[in-house]
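In what follows, a structure is listed as C-alpha cells, so that the remarks can point back to it.
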Amino acid sequence: MLTVASDIDVLARFGRALADPIRCRLLLALREAPAHPADLAERLGISRTRLSNHLACLRDCGLVVAVPVGRRSRYELADARLGHALDDLRTAVVAVAADRSCEDAAEKGCC
C-alpha cells in the first residue's frame, strides 16, 4: 500500500538522492525524457551494475519508477513535478552560490 510521505520525509529522500553526483545526473537525464537502463548507462558513461544500484536508490527514495515496456523496463520520474523541483533547486543553488552571505565562507568552507 502506498502512502503520502510527510514533508520532512520528502526532503530527506530528496537529500539522500541528491547526495551523489551520479544520482543527480540520472535525475537530470530523466527530467529530459524517460529512458531504458542501457541507454542511461551509456549516456552517463557508467557500468550497468553501477547504474542499477543508483536506480534502486532513486526508486527507494520514491523519485523514479520503472515502467514495463514489453520485456524491458523504462525509467521515468515518479511525478512530473519533480522535474520542476529539480529546475528550481538547480537555479536556487546558482543564485545562492553567487551571493555568499557568510563573510567567513572561504575560510570555513561553508555557505
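The values are calculated or read from the model by the stated rules, or taken from the named source; none is laboratory data. Since this is a predicted model, take the numbers as computed values, not measurements. Positions of Cβ are generated from backbone atoms using ideal geometry, with glycine treated the same way; all protein chains shown enter the neighbour counts. Each accessible area value is taken on the protein alone, full model and side chains, heavy atoms only, with ligands, DNA and RNA left out. Shrake-Rupley method; radii C 1.70, N 1.55, O 1.52, S 1.80 Å.
Data for the structure
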| read-out | value |
| --- | --- |
| Percent accessible area from carbon and sulfur atoms, the range 23-64, protein chains only, probe 1.4 Å | 43 percent |
| Note, ³J(HN,Hα) from phi for the range 76-92, Karplus 6.51, -1.76, 1.60, rounded to Hz, x at Gly and Pro | 8, 4, 5, 8, 4, 5, 5, x, 5, 5, 4, 4, 5, 5, 4, 6, 5 |
| Using θ = phi - 60° and Karplus 6.51 cos²θ - 1.76 cosθ + 1.60, couplings along the range 5-19 (whole Hz; Gly, Pro as x) | 6, 6, 4, 5, 5, 4, 5, 5, 5, 4, x, 5, 5, 7, 6 |
| Net charge of Cβ neighbours under 15 Å - reference F14; Lys, Arg +1; Asp, Glu -1 | 0 |
| Built amide H within the under 5 Å cut-off of Y75, gap 5+ | A35, H36, V67 |
| Charge tally in the Cβ shell below 13 Å around A41, where Lys, Arg are +1 and Asp, Glu are -1, A41 excluded | +2 |
